[in-house]
1. Where the second residue is surrounded by 17 or more Cβ atoms within 10 Å (Cβ to Cβ) and not charged (D, E, K, R) and the first is part of a helix (DSSP H, G or I) and lies in the range 638-653, which pairs have Cβ atoms under 7 Å and are six or more apart or on separate chains?
2. Can you say whether Val130 is assigned to a strand (DSSP E or B), more than 29 Å from Gln25 (Cβ to Cβ) and hydrophobic (A, V, I, L, M, F, W, C), as far as the supplied structure shows?
3. Being open to solvent by 20 Å² or more (accessible area, probe 1.4 Å), over 24 Å from Val154 (Cα atoms) and at pLDDT 90 or above is the filter here, so list the residues in the range 635-657 that pass it.
4. Consider Leu343 against the criteria (1) of a type in the set (A, V, I, L, M, F, W, C); (2) in a helix (DSSP H, G or I); (3) open to solvent by less than 30 Å² (accessible area, probe 1.4 Å); (4) at pLDDT below 85: it satisfies all of them except one. Which criterion is unmet?
5. Condition (residue is touching a Ser or Thr at 6+ places or on another chain (Cβ under 7 Å), open to solvent by 40 Å² or more (accessible area, probe 1.4 Å), at pLDDT 90 or above and part of a strand (DSSP E or B)) applied to the range 190-207: is it met by at least one residue?
6. Quick check on the range 145-157. Is at least one of its residues without any contact (Cβ under 8 Å) to a residue 12 or more places away in the chain and basic (Lys, Arg)?
7. Examine the range 31-41 for a residue that is modelled with pLDDT of 90 or more, open to solvent by less than 30 Å² (accessible area, probe 1.4 Å), under 30 Å from Glu196 (Cα atoms) and in contact with a strand residue (DSSP E or B) (Cβ under 7 Å, 6 or more places away or on another chain), and state whether such a residue exists.
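The values are calculated or read from the model by the stated rules, or taken from the named source; none is laboratory data. All values derive from a computational prediction rather than experimental measurement. Backbone-built Cβ (ideal geometry, glycine too); neighbour counts: all protein chains shown. Side chains included, ligands, DNA and RNA excluded: accessible areas come from the protein's heavy atoms. Shrake-Rupley method; radii C 1.70, N 1.55, O 1.52, S 1.80 Å.
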Amino acid sequence: MLAAVVVVSLAIGIGVNTSVFSWLQARLLTPLPGVAESAELRLIEPLNDSGQFVGTSWPEYLDLRERMQTMPDLIASRTFPAYIGEPGSVERVFGSLVSDNYFSALRIRAVLGRTLQASDLAADDQSPVVVISTGLWTSRFGGASDIVGRTMRVNSQPMTIVGVVPEEFQGTHFGLNFDLWAPATLAPLLAQGSTELRSRTARGYGVLGRLAPGASDQDAHHEVAAAMQTLALAYPDANANITASVLTLQEAPRGPQRMFATALVTLQALMLLLWLAVCGNTATLILARTTSRYRDVSIRLALGATPGDIRSLLLTETMVLGVTAAVLGGALAVWGTRVLMVLPMTGFPIRFQTPMDAGGLMFALALGALSGLIVGAGPAWQLSRLAPQSVFRTAVTSAGRSGLRHSLMAAQVALAVIVLVVAGLFIQSVRDTLVTDPGFTRDGILLGAFDKSGRPSAMAASREFASRLLEDLARVPGVESAAIATSVPLDIHGLPSRSFTVDGKRRADGEFDRALANTITPGYFDTLQVPLLAGRDFAPLTDDAAPAQVIVNEAFVRWYIDESAPLETALGRRIDARNRTQVIVGVVATSLSDAFGEPPTPVMYFSYRDDAPSMGDIHVRTRPGAEIALAGEVRRVVQAIDPELPVFNVRTMVQHIDTNLVFRRIPARIFSVLAPLLLLLVAAGIYAVVSYTTHLRTRDIGVRLALGATPQRMVAESVGAHMRVVTAGAVVGWMVVFVGVMALVPSAVSGIGAFIGVPVLMLVVAGVACWIPSRRCAAVDPVISLRSE
């Protein structure tokens, strides 16, 4: 029974760690699936004098490709929205405009047809070409064997499919899954009106490549620095203040790489703490059971066995248990990896490939072997130090040698408190998001995105589209209000920020102030039910006479205008931002923007009328519970205006917030299952220690009872002695986790429930676990105990 408990306990700890390790390994060792030795790729990232990474222009890429000897065969790519299919059945997928050497430099071979080559240019007598993914080939074309040579409409342009890439390859942006690749020279055709092939200020490309044999990162950095200096002299208007860095893929400044890596490292550290706590618990269980082996080990020692032989025997037994747990944990990791793979992130075609490979198996086996050593070290050390004569003279060895048992028990309690407090903080943070008022309504809101980028469209046409769309949506039965915004609050990527000055006043240090920004249509605050505290809403989209306008939140007024004056004092102030001057016409209540628990954050809301972006998220308010039922109507309204414009990423506001809490929810879900198991293991470990300690003291207890001690006093002494050890461990664990949380995430210290509730719960559980076996004191018969050997 004990062996089964040990194996299952360790298997759970090893399984969850191996699952997270598989993700971490994929992130670090194979960041680009399907690309051989992708961890060796390096990025060239231009940055301005403010330290912001600004991307690479196409002409700049061509210059670097010619000049960089330490990184030959540089490739370039950029994302573009690809609308495929006939009018009325258009589907939006992710496409990538790439250099002609993109596939050859990455060593990607087509499974059907061929990849791109230098001659793939759009000509009057030649259809432009495209390479598609295996996923698009099977889903859109049913895996037809004659796919090569077929024509497909992309952004209203007929394109010839020349090849299909392997299923594993999904592009060169971490985590994003692309469905088609087209030559970058087709940018003017696919993104109509684009001048990026000539413009040095259109910085939308990512550049990467491999180091030449013998070249180092330092060599590449020096060479790219020299190249950027040359370009700055040759093109001062576009490159005067631009330098560049050579980065690994793990250091990529854009995309979810850094956030994802940080989340995985944090989760791995927490899971290793959990594994250590499990090891401590099982070590305590095994140590408590070593008493029953004293006589057997003493006989071996008396017959000539050395202490080293005893240690080897015990460690071999626990190593077998550890390796068995590793095998079971590996099987759990296969399932756990697939569970973690279902990351509900909307808005982007997310795809992670994290198979359980040889690296994951070796990690599981290493944890298993280490578990065996940790679990067996204490019992092996204690049994190897037995004195056979003492064991033969008495029924059991003295209870005085309890320092190791108490140390292990205190350590397991400390580790358990650390893990359980962290678990409580994660669970509490997720629970708080359900009851915290974000400052806007989340029930009854339907969201759906559209993207018209890549189409030639004047500002007036964009305003007309938005105005007509909102008018038509307002006539749909069940729609209470509708608006459009370029960003949605509480998104995993956060709201963008903008530099600005108020009334033209610059800061003393010469820098610009910055605040979060969103571009919205009139009616946005009414749709989300954000209170308007002063002033009025934006002018209608069709109003050409009104000046450029901006609405700010209360936090903006308190932070940048006047901390104590009435909010009306902000009205009429001028804000210089986005190369124009806007007048503040309203002040709204402060709501959450980027994350739950954030302090009041200044936000500027710009008018959709003044900018008319080519993309946005439609916000529709209806009766709570009826949001999804309106999805079809929203699509119908949009297609009635523009048959080739699909609505994508349709979700409710509740779903949007829920999915963007993924890095809180995954640890919370893991801990909600494992925390009770860990608490149960701690209780079992404490119970085992107290039970065997009581058994060891049977003669002593009998003597004291015969001399007049009461059973109640003996129980109280037993419980008190062990609770002092438990309390000491709990205090140490609490102090460690408190200091750690204060240093890393100070805001999390406000989770008072976890910091108070976990130690209290631990002490209650430990008290019960101590009291149950201590009751044996009251049942000891002094006569029988004194007759025992």
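1. Short answer, once both residue conditions are applied: Val638/Phe450; Val638/Leu469; Val638/Leu645; Val638/Val647; Ile641/Phe465; Ile641/Leu469; Met653/Ile445; Met653/Leu447.
2. Values: assigned to a strand (DSSP E or B): yes; more than 29 Å from Gln25 (Cβ to Cβ): yes; hydrophobic (A, V, I, L, M, F, W, C): yes.
So Val130 passes the test.
3. Filtering the range 635-657 down to residues open to solvent by 20 Å² or more (accessible area, probe 1.4 Å) leaves 635-636, 639-644, 648-650, 654-655.
Okay, now just the ones that are also over 24 Å from Val154 (Cα atoms), so 654-655.
Listed by number, the list holds a single entry, Val654.
4. It is condition (2) that Leu343 fails.
5. Checking the range 190-207: not a single residue is touching a Ser or Thr at 6+ places or on another chain (Cβ under 7 Å), open to solvent by 40 Å² or more (accessible area, probe 1.4 Å), at pLDDT 90 or above and part of a strand (DSSP E or B).
6. Looking for residues that are without any contact (Cβ under 8 Å) to a residue 12 or more places away in the chain and basic (Lys, Arg), one finds at least one in the range 145-157, hence yes.
7. Yes, some residue in the range 31-41 is modelled with pLDDT of 90 or more, open to solvent by less than 30 Å² (accessible area, probe 1.4 Å), under 30 Å from Glu196 (Cα atoms) and in contact with a strand residue (DSSP E or B) (Cβ under 7 Å, 6 or more places away or on another chain).
Matching residues to (1) under 19 Å from Leu97 (Cα atoms); (2) in contact with a Lys or Arg (Cβ under 8 Å, 6 or more places away or on another chain):
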site	(1), (2)
Thr138	no, no
Gly142	no, no
Ser145	no, no
Pro166	yes, yes
Ser216	no, no
His221	no, no
Ala227	no, yes
